[in-house]
Amino acid sequence: LLILDGRASSSAMRDGVARAAAFLRSHGVRPCLAAVLVGRNPASESYVAGKRKAAAACGIDSCLYRLPQRVAQSKLSAILRRLNRAAAVHGILLQLPLPHHLDEDMAIDQISHRKDVDGLHPLNQGYLAAGRPAFVPCTPKGVMHLLDFHNIPIIGRRVVVVGRSRLVGRPLALLLVSRHATVTICHSRTRRMADITRQADILIVAAGKKHMLTSRHVRPGAVVVDVGIHVLRPAGRPARFSGDVAPSVRAVAGALSPVPGGVGPETVAQLLANTVRAAAGSLDPHAARTFEHSLLHRL
Ligand SMILES: NC(=O)c1ccc[n+]([C@@H]2O[C@H](COP(=O)([O-])OP(=O)(O)OC[C@H]3O[C@@H](n4cnc5c(N)ncnc54)[C@H](OP(=O)(O)O)[C@@H]3O)[C@@H](O)[C@H]2O)c1
């Protein structure tokens with residue numbers, strides 16, 4: 001069983017990001033990511049802290065805007081507008097999910113598409129659908145890098161993606177089609193899903209259902225990527241993680257991404273890559289050309 005090691009692949013990506021950040025700084029641009037966190041969701045708190053720590057390690061500045069759980073939509077809009085205007089801020093990370101009283105679509109639409117490092121703005125999603133990617137959502141981009149890093153061929157392969165969210169499944173299917181895979185998307189209304197997933201050379205699961213994918217869904221030797229993250233936080237003991245893929249799959253798959261240590265670290269690295277890409281927009285034209293020729297292809 002080949003383990004698709006996201007720590008190794010993302011570390012290579014972070015080296016490229018650190019080099020790009022050093023170049024930006026030496027040309028007077030301090031790359032900066034602004035995180036907006038609403039309420040006190042422990043998972044969101046830990047994701048944002050992890051992203052900021054990883055940013056600092058690569059030479060990217062970050063700042064955190066904390067808003068109370070019951071914040072009004074108008075207040076959130078005002079902060080997003082302010083960050084859109086702030087020349088020193090290059091990327092805006094609005095940590096989702098938002099509390100239920102807030103309109104997530106409205107907030108995403110208000111982020112400048114040039115600072116939309118999560119790739120969720122409709123303009124960036126539209127560019128991706130048109131085959132002209134701009135800012136691509138971090139998890140799908142991370143899955144592609146994880147496959148490439150481990151030399152998994154994609155052209156002509158039959159790929160099944162379980163999940164069709166705008167954050168993961170949908171953009172991932174588009175990226176795979178652009179890379180000449182033959183792609184099928186499954187979702188909660190799919191019938192006889194195992195008949196479909198068993199045809200996959202590469203099976204990617206982003207359903208958000210713990211251990212839902214079992215050995216009966218997998219063709220022997222298939223490459224399986226587990227995007228799911230489920231965190232158990234027993235009182236007084238360290239957190240335990242599991243994914244959407246059940247342990248029984250290990251006996252059947254040819255390659256498997258672990259949880260933790262698979263797609264998760266890739267997602268963070270891709271957020272940083274998108275942030276330095278956004279910051280490169282502030283370079284003077286000469287430096288921007290150098291950036292494009294020598295650093296951009298690593299991001
Ligand atoms: N590793 C990372 O860095 C990372 C990043 C983002 C997300 N995640 C994890 O990835 C998972 C998916 O995230 P998401 O944001 O895409 O979740 P989501 O918005 O809840 O979407 C889940 C998708 O899975 C489909 N689905 C649900 N149950 C299913 C079933 N029994 N059979 C087939 N399809 C099913 C849903 O179908 P419908 O459309 O029909 O409802 C939906 O399209 C979650 O566990 C999340 O925590 C991990």
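The values are calculated or read from the model by the stated rules, or taken from the named source; none is laboratory data. The structure displayed is predicted, hence computed values, not measured ones. Here the Cβ positions follow ideal geometry from the backbone for every residue, glycine too, while neighbour counts run over all protein chains shown.
Some values worked out for this structure:
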item	result
Hey, PRO171 more than 11 Å from the ligand (Cβ to nearest atom) and at pLDDT 95 or above or not	no
Which numbered condition ASP148 fails, given (1) of a type in the set (D, E, K, R); (2) part of a helix (DSSP H, G or I); (3) closer than 19 Å to VAL252 by Cα	(3)
Among (1) in contact (Cβ under 8 Å) with a residue 40 or more places away in the chain; (2) within 28 Å of ALA43 (Cβ to Cβ); (3) under 19 Å from the mean Cα position of the chain (by Cα) - the single one SER178 does not satisfy	(2)
Test result for GLU266, within 24 Å of the chain's Cα centre (by Cα), without any contact (Cβ under 8 Å) to a residue 24 or more places away in the chain, within 28 Å of VAL29 (Cα to Cα) and not in a loop (DSSP other than H, G, I, E, B)	no
Residue that is farthest from the ligand (Cβ to nearest atom), among those in segment 199-223 that are farther than 18 Å from ILE152 by Cα and over 22 Å from the mean Cα position of the chain (by Cα)	SER215
Single residue of SER165, SER248, SER178 found to be under 21 Å from PHE135 (Cα atoms) and more than 15 Å from the ligand (Cβ to nearest atom)	SER178
Test: VAL245 is over 30 Å from SER62 (Cβ atoms), surrounded by fewer than 22 Cβ atoms within 10 Å (Cβ to Cβ) and hydrophobic (A, V, I, L, M, F, W, C)	no
Some residue of segment 84-107 being surrounded by fewer than 14 Cβ atoms within 10 Å (Cβ to Cβ), touching a residue at least 60 places away in the same chain (Cβ under 8 Å), over 19 Å from ARG52 (Cα atoms) and not hydroxyl-bearing (Ser, Thr, Tyr)	yes
Search result, residues across segment 148-173 that are under 14 Å from the mean Cα position of the chain (by Cα) and of a type in the set (A, V, I, L, M)	LEU167, VAL168, LEU172, ALA173
